[in-house]
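The values are calculated or read from the model by the stated rules, or taken from the named source; none is laboratory data. Source: prediction; values computed, not measured. Cβ placement follows ideal geometry from the backbone for every residue including glycine, while neighbour counts extend to all protein chains displayed.
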Amino acid sequence: MKVPKVQGEPNRRVLIEMELLDSSKKIASNGVDLFLPLVREPNDVEKDNFGDVEFLEYQFEEHEKAPTLEDLLGFMPHYEVIGDIALIEADDTDADRIGEALLKFHPHVNTVLGATSPVVGEFRVREFMLIAGEDKTETIHKEYGCRYAVDLAKAYFTPRLSTERERILSWIKPDDVVVDMFAGVGPYSILIAKKANPKRVVAIDKNPAAVEFLRRNVVLNSVDNVKVIEGDANVESQRFAGIADHVIMNLPHNAFDFLDSAVKLTKPGSIIHYYGMTHEDDLFDGSIGLIEAAAERVGREIEVVERRTVRSYAPHQYNICIEVRVI
């Protein structure tokens, strides 16, 4: 489509909205007119959307295809990006090549770290070694309009649960009270506090480093309805018995050790969001039995509202979430 240069931008936007602009070609100009590449000639009805234009044949240049990470390496590596840090496995035989390729492919990545251990210990942290770029483990990760400062060597964080965090957000109503029993640096607590307008979020974590970053992130995101508590969730929960509309239990490897406390936190009709790691042969029933038993021990009952697989964790093992209403 030939169009006077001064009318180029509004016509380009219309072509995009109508899915007629061929983005694989470069827009051309003779100094006075623009030549906009089309995927096809518009029909008579579509042409009514344009002003003083002309449809003609023109030989366009192709856009150069940007190389993919797979093009650079010859294979697609496993990695995740947190803030400006990319994480890979340190024992990968191609770790050095992957590190350099990630720095080249992702301009905003300044550091590539290799994990030298799984998530281990009471505070759920990993050990890392520098693969490429700047030697650091601290970064700021952006997600759904929130910012999270984190030191990956001191506190656990994964962007792979971002969709799950947004899903939990959709459960929260204005003026709810939410208790996040294992808050970490705050990805659930702060998202909920900032986006759902709850009455209060009680964010608990035992890891002093995680709590330090959680306090920083409260300030960083300008939320004033988060109460940050450093301590064991089983102990600290006693202070808040019967106040919660929602209890988040994102400690999938041993959340079952805290079920009695979680039930005690709830008002009648409240929801527990329970996370677990389960084998494919018993994805949900065993965990539901544990929750039922905990409720019975404190004279309560539960109703299963939703059960879902969050992600594959290991061969035949899954990270699951069960939502139960405590009666």
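What number of residues within segment 35-59 satisfy the criterion of being surrounded by 16 or more Cβ atoms within 10 Å (Cβ to Cβ) and either assigned to a loop (DSSP other than H, G, I, E, B) or modelled with pLDDT under 90 (or both)?
Going through segment 35-59, the residues surrounded by 16 or more Cβ atoms within 10 Å (Cβ to Cβ) turn out to be 35-38, 42, 50, 53.
Remaining after also requiring either assigned to a loop (DSSP other than H, G, I, E, B) or modelled with pLDDT under 90 (or both): 36-37, 42, 50, 53.
Qualifying residue count, segment 35-59: 5.
What do you reckon, is VAL109 touching a residue at least 60 places away in the same chain (Cβ under 8 Å), under 26 Å from HIS141 (Cα atoms) and not in a helix (DSSP H, G or I)? Before the answer, list the steps.
Working: touching a residue at least 60 places away in the same chain (Cβ under 8 Å): no; under 26 Å from HIS141 (Cα atoms): yes; not in a helix (DSSP H, G or I): yes.
Spelling it out, it is not the case that VAL109 is touching a residue at least 60 places away in the same chain (Cβ under 8 Å), under 26 Å from HIS141 (Cα atoms) and not in a helix (DSSP H, G or I).
Determine which member of the set ILE168, ILE190 is under 19 Å from ALA149 (Cβ atoms), in contact with a Cys (Cβ under 9 Å, 6 or more places away or on another chain), not in a loop (DSSP other than H, G, I, E, B) and not assigned by TED's automatic domain parsing to the domain that holds GLU122. Before you say what the answer is, go through the steps one by one.
Numbers: ILE168 fails: under 19 Å from ALA149 (Cβ atoms).
It is ILE190.
For every residue, the table says whether it meets (1) in contact with a helix residue (DSSP H, G or I) (Cβ under 6 Å, 6 or more places away or on another chain); (2) within 30 Å of SER24 (Cα to Cα); (3) assigned by TED's automatic domain parsing to the domain that holds ILE248.
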residue: HIS63; (1), (2), (3): no, yes, no
residue: GLY74; (1), (2), (3): no, yes, no
residue: TYR79; (1), (2), (3): no, yes, no
residue: ASP94; (1), (2), (3): no, no, no
residue: ASP176; (1), (2), (3): no, no, yes
Identify all residues within segment 77-95 that are in contact with a Gly (Cβ under 9 Å, 6 or more places away or on another chain), of a type outside the set (Asp, Glu) and part of a strand (DSSP E or B); write none if there are none.
ILE85, ALA86, LEU87, ILE88
Condition first: surrounded by fewer than 17 Cβ atoms within 10 Å (Cβ to Cβ), of a type in the set (Asp, Glu), in a loop (DSSP other than H, G, I, E, B) and at pLDDT below 95. Can you find one or more residues in segment 66-76 that meet it?
no
Quick check: is even one residue across segment 131-151 buried (at least 20 other Cβ atoms within 10 Å of the Cβ), modelled with pLDDT of 95 or more and part of a loop (DSSP other than H, G, I, E, B)?
no
Here's a check for you: in segment 257-289, which residue that is aromatic (Phe, Trp, Tyr) and within 20 Å of ILE327 (Cβ to Cβ) is surrounded by the fewest Cβ atoms within 10 Å (Cβ to Cβ)?
PHE284
